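Enquirer: Let me begin by handing over the structure; questions about it come next.
The values are calculated or read from the model by the stated rules, or taken from the named source; none is laboratory data. Because the structure is predicted, anything quoted here is derived from the model rather than measured. Cβ coordinates were reconstructed from backbone atoms using ideal geometry, including for glycine residues, and neighbour counts include every protein chain displayed. Calculation scope for accessible area: heavy atoms of the full protein, side chains included, ligands and nucleic acids excluded. Shrake-Rupley method; radii C 1.70, N 1.55, O 1.52, S 1.80 Å.
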Amino acid sequence: MDKNNIEVPNINSIEIKDIVEKGIKPKVSFFSYLRDMYKKVGFKNIFHDISEIIFIVLITLFTLCFAAIIIKDNDYIEVWQIYSFIFVVSPILYLLISFFSFFNTKQNGTYEVEMICKYNIYQLSALRMFIFSIVSILCNSILIFMFFIVNEEINLLRALAISITALFLFSSVFLYVLLNTSHKITKYFMIAGWIIINLALMISKNNYYNVLLTQLPIYVHLGLTISCIYLYIKSLKKLINFRSVKGEM
Amino acid sequence: MLLVNNLSKYYGKFCALKDINLEFDNGIYGLIAPNGAGKTTLIKMLTTLIFPTKGEILYNGTNIVDMDDEYRDILGYLPQDFGYYKNYTPTQFLMYLSALKGIDKNKAEKKIKELLELVAIDDVADKKMKKFSGGMIQRVGIAQALLNDPKILILDEPTAGLDPKERMRFKNIISELSRDRIIIISTHIVSDIEFIANEIVMIKDHRILYKDSTSNICKSIEDKVYETEIQFNDSHDFKKKYISLSERQEGENMKIRFICENKKEIKSTWAKVNPNLEDVFLYEYNDNLKEK
Ligand SMILES: Nc1ncnc2c1ncn2[C@@H]1O[C@H](COP(=O)(O)OP(=O)(O)OP(=O)(O)O)[C@@H](O)[C@H]1O
Ligand SMILES: [Mg+2]
């Protein structure tokens with residue numbers, strides 16, 4: 001066939017641009033979206049309230065260390081109760097920072113001007129929470145490592161898996177509640193619920209809970225951890241595309 | 001083109017706006033209506049801060065809610081209560097907002113310098129805003145709305161708190177900008193937009209009353225506006241009969257501008273005058289203006 005005879009479909013450049021844009025936009029992956037936002041907005045602007053955040057982190061870490069020391073000094077504490085402690089407190093740091101962060105943004109009179117920016121509060125929050133979760137993992141790991149040094153009965157891998165699972169399980173539920181209910185009470189209730197239910201299980205020495213934390217094969221724990229991370233990323237994606245009703249959250 | 005299609009907004013059972021249909025092309029649109037008429041409600045829907053109960057808003061055929069960040073990218077907005085960070089300087093605050101708008105840092109620096117000069121606060125560009133007066137804050141707000149050179153500029157009572165000189169400057173800035181963008185301004189100060197707006201939108205009883213040029217709207221009360229001098233003692237009775245639009249002292253007497261709807265009552269001592277937008281406003285929303 002003659003090369004010059006090949007028919008070129010007649011699409012004008014605007015249509016091509018349209019097609020390209022429509023095709024590409026949804027394909028940007030979650031992580032490259034976050035990376036892009038991070039580069040454009042910059043650390044200083046994403047964390048313009050960094051001093052408050054650092055303050056919260058320090059206070060929380062201090063309190064948790066204090067609690068850990070008390071537990072360590074108590075001879076009647078069993079290993080599974082340490083796991084349980086880790087499970088309960090792992091999300092707390094994350095929770096406090098995120099909660100403060102949302103509360104703060106809504107309190108500010110700047111809500112409306114920030115909300116109509118290209119990267120608005122929901123998108124920034126997704127990025128911030130993602131970074132918070134990494135910070136939380138690091139802090140929790142340090143804490144666990146300190147436990148490990150004083151008490152070698154603990155399985156480091158299992159403790160880390162429990163900690164990360166707890167963090168992401170909790171934050172997925174936290175995000176779900178944040179995005180799906182407008183009642184403030186529900187939000188507080190679920191936060192209090194998390195702590196109370198777990199503490200109750202720990203104190204009552206519930207057998208299933210014990211088994212779940214200590215006897216489950218480690219790969220099941222890791223599997224759970226990965227599922228929770230997946231769930232968490234999914235809820236962050238939802239946050240990015242979230243459009244609040246009434247401008248309320 | 002921005003198209004508002006059969007828009008209704010309810011807050012619970014309370015109806016704030018009903019069956020609104022509007023069309024905005026490049027140019028200036030003045031949104032005037034009394035307190036609580038729903039101006040801010042309409043503006044918040046145009047900025048996707050709240051969502052319509054019914055109906056939709058389209059920009060070039062696409063629903064603005066679906067356009068999402070693409071829409072916000074071409075939007076500039078000054079809220080009625082403009083909030084800011086007290087410990088920031090105007091430059092810092094505008095740099096922060098530019099970053100959220102995804103504007104390149106070098107470009108932003110240049111633009112911010114330009115804008116601060118435009119609204120004449122370049123001399124305090126690096127002072128903390130907690131020391132600013134209300135009018136200075138308002139001007140930071142106006143500058144902020146222009147950061148991304150928006151195709152759609154929406155200002156909710158931008159002239160509130162500005163002195164006459166700054167209002168004049170504002171008018172000039174806006175007229176200059178209106179050539180290639182949609183500008184929607186809500187205000188109570190009718191004179192601020194009377195002569196610069198291409199069209200005036202008036203809301204009454206949750207619906208659009210007028211969307212027309214100033215001169216066409218004024219035609220609606222042509223032959224109804226008069227001026228005359230009366231004695232102070234007679235003013236009470238006079239105002240019972242006619243809607244008073246403005247009054248001023250003239251020697252011993254009072255010069256009154258008023259509406260007379262019944263042609264038979266017209267007296268030869270009255271002077272017919274050309275109605276202005278403020279007259280229309282007072283006439284349309286006159287519920288409590290006639291003295292009882
Ligand atoms: N979040 C809300 N919940 C319930 N009602 C509201 C809400 N926001 C506004 N309204 C009501 O809707 C009506 C319109 O309010 P809106 O703020 O749009 O008026 P406006 O024209 O901007 O008034 P102003 O000139 O005072 O700024 C008012 O009666 C107000 O009470
Ligand atoms: Mg208002």
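Enquirer: Which pairs in the list B:K9/B:K204; A:K237/B:K111; B:K39/B:K101 are over 22 Å apart, alpha-carbon to alpha-carbon?
Expert: Check vs 22 Å cut-off fails for A:K237/B:K111; B:K39/B:K101.
Enquirer: Please report the equivalent ellipsoid semi-axes of the protein assembly as shown, computed as sqrt(5 x eigenvalue) of the Cα gyration tensor, largest first, in whole Å.
Expert: 59, 29, 23
Enquirer: Between B:F195 and B:D287, what FRET efficiency follows from the Cβ-Cβ distance if R0 is 22 Å, with the result rounded to 0.05? Please list the in-between numbers first.
Expert: Numbers: r = 27 Å, r/R0 = 1.25.
Working from the Cβ atoms, E equals 0.20.
Enquirer: Moving on. Which whole-number value in Å² is the accessible area per residue of the stretch A:48-240, probe 1.4 Å?
Expert: Per-residue value: 49 Å².
Enquirer: Quick one: if the Förster radius is 51 Å, what FRET efficiency do A:Y176 and B:R207 give, using the C-beta to C-beta distance and rounding to 0.05?
Expert: About 0.80, to the nearest 0.05.
Enquirer: Here's another thing I want to ask about it. Fully extended, how many nm does the chain gain between B:E265 and B:K240 (0.36 nm per residue separation, minus their Cα-Cα distance)? Write out the running numbers ahead of the final one.
Expert: On the way: separation 25, 0.36 × 25 = 9.00 nm, distance 1.42 nm.
The B:E265-B:K240 span can extend by a further 7.6 nm.
Enquirer: Heavy atoms only, probe 1.4 Å: what % of the accessible area of chain B goes to carbon and sulfur, would you let me know?
Expert: Of all accessible area on chain B, carbon and sulfur atoms account for 46 percent.
Enquirer: Could you list, in their original order, any pairs among B:K128/B:K165; A:K187/B:K105; B:K13/B:K241; A:K118/B:K86 whose Cα atoms are separated by more than 30 Å? Before the final figure, lay out the partial values.
Expert: Values: B:K128/B:K165 24 Å; A:K187/B:K105 38 Å; B:K13/B:K241 38 Å; A:K118/B:K86 23 Å.
Violating the 30 Å limit, Cα to Cα: A:K187/B:K105; B:K13/B:K241.
Enquirer: At 1.4 Å probe size, with no ligands or nucleic acids counted, give the accessible surface of B:K39 in Å², nearest ten.
Expert: 10 Å²
Enquirer: Follow-up. Taking the DSSP beta bridges in the protein assembly as shown as the whole, what percent of them are antiparallel, to the nearest 5?
Expert: 65 percent
Enquirer: Averaged over every viewing direction, what's the projected area of the C-alpha convex hull for the stretch B:21-147? Give it in nm², one decimal, please.
Expert: With every direction weighted equally, the projected area is 9.1 nm².
Enquirer: Something else: Taking the simple approach of a point 7 Å from Cα along Cα-to-Cβ for both A:R35 and A:F100, what is their distance in nm?
Expert: About 3.0 nm separates the two model spin labels.
Enquirer: Moving on. Subtracting the Cα-Cα distance from 0.36 nm times the residue separation, let me have the gained length for B:R248 to B:K13 in nm, one decimal.
Expert: 80.2 nm
Enquirer: Using 1/(1 + (r/R0)^6) with R0 = 51 angstrom and r between the beta carbons of B:K110 and A:E153, what's the FRET efficiency to the nearest 0.05? All intermediate terms of the calculation are to be shown ahead of the outcome.
Expert: Numbers: r = 63 Å, r/R0 = 1.23.
E between B:K110 and A:E153, to the nearest 0.05, is 0.20.
Enquirer: Calculate, in nm to one decimal, what B:D223 and B:E176 gain on full extension: separation in residues at 0.36 nm each, minus their alpha carbon distance.
Expert: Values: separation 47, 0.36 × 47 = 16.92 nm, distance 3.44 nm.
Gain on stretching B:D223 to B:E176: 13.5 nm.
Enquirer: In the neighborhood of A:I121, defined by Cβ-to-Cβ distances under 11 Å, what is the net charge if each Lys or Arg adds +1 and each Asp or Glu adds -1?
Expert: Numbers: positive: A:K106, A:R128; negative: A:E112, A:E114.
Every neighbour counted, the sum reads 0.
Enquirer: Another question about this same structure. So which residue, out of B:D25, B:D237, B:D81, gets the largest mean-square fluctuation from a GNM of chain B using Cα contacts under 10 Å as springs?
Expert: Looking only at B:D25, B:D237, B:D81, the biggest GNM fluctuation is shown by B:D237.
Enquirer: Compute the distance in nm between two label points, each set 7 Å from the Cα along the Cα-to-Cβ direction, one at A:K238 and one at B:E23.
Expert: Taking the simple label geometry, A:K238 and B:E23 are separated by 4.1 nm.
Enquirer: Which net charge results for the neighbourhood of B:V280, defined as the other residues with beta-carbon distances under 12 angstrom from its beta-carbon, given Lys and Arg at +1 and Asp and Glu at -1? Walk me through the numbers before you get to the answer.
Expert: Values: positive: B:K204, B:K219, B:K224; negative: B:E194, B:D212, B:E222, B:E278, B:D279, B:E284.
So the surrounding residues net to -3.
Enquirer: Ignoring everything but the protein chains, give the 1.4 Å probe accessible area of A:C228 in square angstrom, nearest 10.
Expert: Roughly 10 Å² of A:C228 is accessible to a 1.4 Å probe.
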